[in-house]
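Have a look at the structure below before the remarks.
The values are calculated or read from the model by the stated rules, or taken from the named source; none is laboratory data. None of these values were measured; they are calculated from a predicted model. Cβ atoms come from the backbone with ideal geometry, glycine included; neighbour counts cover every protein chain shown. To get the accessible areas, we keep the full protein, side chains included, count just its heavy atoms, and leave off ligands, DNA and RNA. Shrake-Rupley method; radii C 1.70, N 1.55, O 1.52, S 1.80 Å.
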Amino acid sequence: MARPATASIDLAAFKHNYALAKSLAPHSQAIAIIKADGYGHGAIQLAQALDDQADAFGVACIEEAIELREAGIQRPILLLEGFFETSELPLIAHYQLWTAVHNQQQIDAIAQQPESSRFQVWLKLDTGMHRLGFSPQEYSAAFSQLSSLPQVAQIVHMTHFACADELDQPKTHQQLRLSEEVLSTLPASASFANSAATLAHSRAHLDYIRPGIMLYGSDPLSQANSASQALIPVMSLHSKIIAIRQVQAGETIGYGERFHATKAMRIGTVAMGYADGYPRHAKDGTPIMVDGVRTALVGRVSMDMLMVDLTDIPEAQIGSTVELWGKHLLAAEVARYCDTIAYTLFTGITRRVRKEYQDESHNF
Ligand SMILES: *Cc1c(COP(=O)(O)O)cnc(C)c1O
């Protein structure tokens, strides 16, 4: 017997979503973004599943890249935040990683490496996200300096959108226009598009797209489009009912008496809590599937358990299957009841949740 809290990871769906990203941008290479342990899905397993298909992988930092290299991953790997200390540069060379460069200190550090080094640099332009990168005024000097260094083999232009998921926002068009203006005189490959821009802004596809969340089957767009509707959820978080009781009108459920029963109810207890990564701030009414029927969370989520309304599901019993999110209940919908986004639900899954990998092809 094992605690039933499980995240099932559908590798065939992951490959389907990658192929979808490629088909939307047929003239671009696609960097599969698997930072933060593959958005909580397990970066090594995802990379192994895609290693013969992916053009490249993207991670946040060298620790994540080395983990992939040591697991035998051969494809190019991009460090999206670049390096944090000069001491990483010999490792970047040794493991043949591509690195973002977003400030002058990084350029100076590269200039001090042995002249035989050959770095692939992704130079970051800040077009309005205001998080990383050179300003439009500083950018061409940074580009020229890097171009003149013997240690730099290739430069790719990179920028990142702040609002590509909000389809009626003018910001993406402003960022695109500014990028085109700054880069028009600096010939090099370019990479602008995250998932939302891959799905909705084909003008931003260029040489390399950088899809993340869409590979996990979650639609980042404010309004789904026909492409995003073809995404297939990769993670299914499930567990089981471990106890059932009847409560009367006037009784309360769980810590702090947050939920008050106004009628007689049948309540199920599920082996899933905030220490598994299910958000404690989920509201009463957050959807949960029991035996394929949609019902709702009642009361505060505890560390190891949560309670669910079984009043209208008389066939539910101890041992009934509970889906917290997955193919029948999208993580993005659950996230709305928790004042967050699917990204935090996926990356919040903890070590205690057993991961199961499946790779059966679907009839899509
Ligand atoms: C995380 C990240 C991405 C992927 O973003 P999604 O919204 O998950 O598609 C792309 N580019 C950069 C620079 C990132 O940090």
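For residue 108, the stated conditions do not hold, so it cannot be described as modelled with pLDDT under 95 and either over 26 Å from residue 30 (Cβ atoms) or outside the structural domain of residue 191 (by TED's automatic domain parsing) (or both).
Residues being in contact with a Cys (Cβ under 6 Å, 6 or more places away or on another chain) and modelled with pLDDT under 95 are represented in the range 161-182 by at least one member.
All told, residue 324 falls short of being in contact (Cβ under 8 Å) with a residue 40 or more places away in the chain and open to solvent by 40 Å² or more (accessible area, probe 1.4 Å). Checked against (1) in a strand (DSSP E or B); (2) within 16 Å of the ligand (Cβ to nearest atom); (3) among the small types (Gly, Ala, Ser), residue 239 passes all but condition (2). Among the residues of the range 156-167, is there at least one that is touching a strand residue (DSSP E or B) at 6+ places or on another chain (Cβ under 6 Å) and in a loop (DSSP other than H, G, I, E, B)? The answer is yes, given that some residue of the range 156-167 is touching a strand residue (DSSP E or B) at 6+ places or on another chain (Cβ under 6 Å) and in a loop (DSSP other than H, G, I, E, B). Exactly one residue out of 63, 88, 81 is assigned to a helix (DSSP H, G or I), within 16 Å of the ligand (Cβ to nearest atom), open to solvent by 10 Å² or more (accessible area, probe 1.4 Å) and more than 30 Å from residue 323 (Cα to Cα), and it is 63. Considering the range 207-223, the residues that are farther than 15 Å from residue 40 by Cβ and more than 8 Å from the ligand (Cβ to nearest atom) include one that is nearest to the chain's Cα centre (by Cα), namely 219. With respect to (1) within 15 Å of the ligand (Cβ to nearest atom); (2) touching a residue at least 60 places away in the same chain (Cβ under 8 Å); (3) not β-branched (Val, Ile, Thr), the lone exception for residue 196 is condition (2). Of the residues 316, 282, the single one that is within 23 Å of the chain's Cα centre (by Cα), over 28 Å from residue 18 (Cα atoms) and modelled with pLDDT of 95 or more is 282.
Given the criteria more than 30 Å from the chain's Cα centre (by Cα) and either within 16 Å of the ligand (Cβ to nearest atom) or not in a helix (DSSP H, G or I) (or both), does residue 132 qualify? It is false that residue 132 is more than 30 Å from the chain's Cα centre (by Cα) and either within 16 Å of the ligand (Cβ to nearest atom) or not in a helix (DSSP H, G or I) (or both). Here 187, 220 are screened, and the one residue that is outside any helix (DSSP H, G or I) and touching a residue at least 40 places away in the same chain (Cβ under 8 Å) is 220.
Quick one: would you say residue 176 is within 12 Å of the ligand (Cβ to nearest atom) and open to solvent by less than 20 Å² (accessible area, probe 1.4 Å)? Spelling it out, it is not the case that residue 176 is within 12 Å of the ligand (Cβ to nearest atom) and open to solvent by less than 20 Å² (accessible area, probe 1.4 Å). Of all residues in the range 91-102, those being open to solvent by 40 Å² or more (accessible area, probe 1.4 Å) and part of a helix (DSSP H, G or I) number 3. Can you pull out every residue in the range 294-349 that is basic (Lys, Arg) and part of a loop (DSSP other than H, G, I, E, B)? Residues satisfying the conditions are 300, 327. Every listed requirement among (1) open to solvent by less than 20 Å² (accessible area, probe 1.4 Å); (2) away from the ligand (no atom under 14 Å from the Cβ); (3) closer than 22 Å to residue 57 by Cβ; (4) not aliphatic (A, V, I, L, M) is met by residue 161 save one, (2).
For (1) within 13 Å of the ligand (Cβ to nearest atom); (2) open to solvent by less than 10 Å² (accessible area, probe 1.4 Å); (3) not aromatic (Phe, Trp, Tyr), each residue gets a yes or a no:
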| position | (1), (2), (3) |
| --- | --- |
| 19 | no, no, yes |
| 30 | yes, yes, yes |
| 34 | yes, yes, yes |
| 39 | yes, no, no |
| 47 | no, yes, yes |
| 53 | no, no, yes |
| 56 | yes, yes, yes |
| 59 | yes, yes, yes |
